[in-house]
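The values are calculated or read from the model by the stated rules, or taken from the named source; none is laboratory data. In this text the structure is predicted, and so the values were computed from the model without any measurement. For neighbour counting, all protein chains shown are included, and Cβ atoms are generated from backbone atoms with ideal geometry for every residue, glycine included. Areas reflect the complete protein model, heavy atoms only, side chains present, ligands, DNA and RNA absent. Shrake-Rupley method; radii C 1.70, N 1.55, O 1.52, S 1.80 Å.
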Amino acid sequence: QPSEKKPAAAAAKPDFMITASYIEACSCDMFCPCYFNDHATSHGNEHFCRFNNVLRVDKGYYKKTKLDGVKVWLAGDLGGEWGTGKADWLVVTFDPSVTAEQQAAMKDILFQLYPLQWNVLGVDSVPITWEVKGDTAHAKLGNSKGEVILERFSGNNNDAKQEVVIRNLKYWGAQSNNGFEMWKNKRHYYEGHGKKYEYSGTNGFRVTIHFSGNAKQAAAD
């Protein structure tokens with residue numbers, strides 16, 4: 001008799017899964033050369049990429065912890081040669097509504113999403129505004145020490161309402177994204193932990209990513 005076929009084993013459910021939307025800007029020219037090179041834009045004799053990555057988790061979980069609505073502000077500098085695996089510095093700011101369990105979960109997720117060696121200067125708790133209205137995207141820290149204002153970049157004059165989108169480009173460790181929507185930086189500002197920068201007219205974009213994986217840090221259990 002032919003042997004009976006056994007049902008295929010169900011794929012193991014990942015420890016975490018998030019869909020997160022970003023309002024993001026940096027000091028590089030548009031579009032960010034860091035996605036195509038292993039070093040940042042040259043600024044005179046220096047190479048750096050000073051950024052504000054402001055994300056809102058649209059839907060997600062980490063083990064038994066729900067992450068829907070979590071807002072995180074990442075300010076930092078990739079440094080001159082981040083391709084070596086070592087960045088310069090980073091400050092992580094959580095909205096006060098984010099619980100201790102959610103913070104631990106997001107730290108594990110984010111350091112897997114951005115797998116570099118970071119000099120973490122601090123972890124702060126400050127109210128975060130994250131909103132997109134019409135052709136403007138706006139993120140702001142409640143202490144007025146951080147702000148990102150993006151304006152949608154007009155495309156082909158024959159179809160100016162159509163987004164300018166870069167597709168088939170990987171966002172860090174995320175498995176997929178909905179495309180990089182070009183929204184030029186009108187103001188990109190951060191001040192804290194001895195660091196201060198402000199840029200306008202440089203790179204900015206919106207993107208929604210999908211990222212999943214397994215827990216790595218015991219502190220996040």
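Are there any strands (runs of 3 or more DSSP E) wholly within the stretch 9-99 with 2 or more residues that are within 23 Å of His210 (Cα to Cα), open to solvent by 70 Å² or more (accessible area, probe 1.4 Å) and at pLDDT 80 or above, and if so which? Break it down stepwise before answering.
Numbers: elements: 16-26, 50-62, 71-77, 89-94.
Strands (runs of 3 or more DSSP E) meeting the threshold: 50-62.
Is the stretch 150-169 home to any residue that is under 14 Å from the mean Cα position of the chain (by Cα) and more than 17 Å from Asp77 (Cα to Cα)?
First, the residues of the stretch 150-169 that are under 14 Å from the mean Cα position of the chain (by Cα): none.
No, the conditions are met nowhere in the stretch 150-169.
Can you tell me which residue in the stretch 188-213 is most open to solvent (accessible area, probe 1.4 Å), limited to those that are without any contact (Cβ under 8 Å) to a residue 24 or more places away in the chain and not small (Gly, Ala, Ser)? It would help to see each step written out before you state the result.
Narrowing the stretch 188-213 to residues without any contact (Cβ under 8 Å) to a residue 24 or more places away in the chain: 196, 198, 200-201.
Checking which are not small (Gly, Ala, Ser) leaves us with 196, 198.
On the way: Lys196: 142, Glu198: 105 Å².
In this case the residue turns out to be Lys196.
Any residue in the stretch 166-174 that is outside any loop (DSSP other than H, G, I, E, B) and without any contact (Cβ under 8 Å) to a residue 40 or more places away in the chain?
no
For the stretch 100-135, which positions are at pLDDT 95 or above, of a type in the set (Gly, Ala, Ser) and either in a helix (DSSP H, G or I) or more than 23 Å from Trp89 (Cβ to Cβ) (or both)?
Ala100, Ala104, Ala105
Please enumerate the residues belonging to the stretch 100-113 that are farther than 13 Å from Val57 by Cβ and open to solvent by 20 Å² or more (accessible area, probe 1.4 Å).
We begin by selecting, within the stretch 100-113, every residue farther than 13 Å from Val57 by Cβ; these are 100-101, 104, 107-108, 111-112.
Scanning the stretch 100-113 gives Ala100, Glu101, Ala104, Lys107, Phe111, Gln112.
Which residue pairs have Cβ atoms closer than 6 Å, lie 6 or more positions apart in sequence or on different chains, and pair a first residue in the stretch 58-76 that is under 15 Å from Phe94 (Cα atoms) with a second residue that is acidic (Asp, Glu) and not in a strand (DSSP E or B)?
Lys71/Asp95
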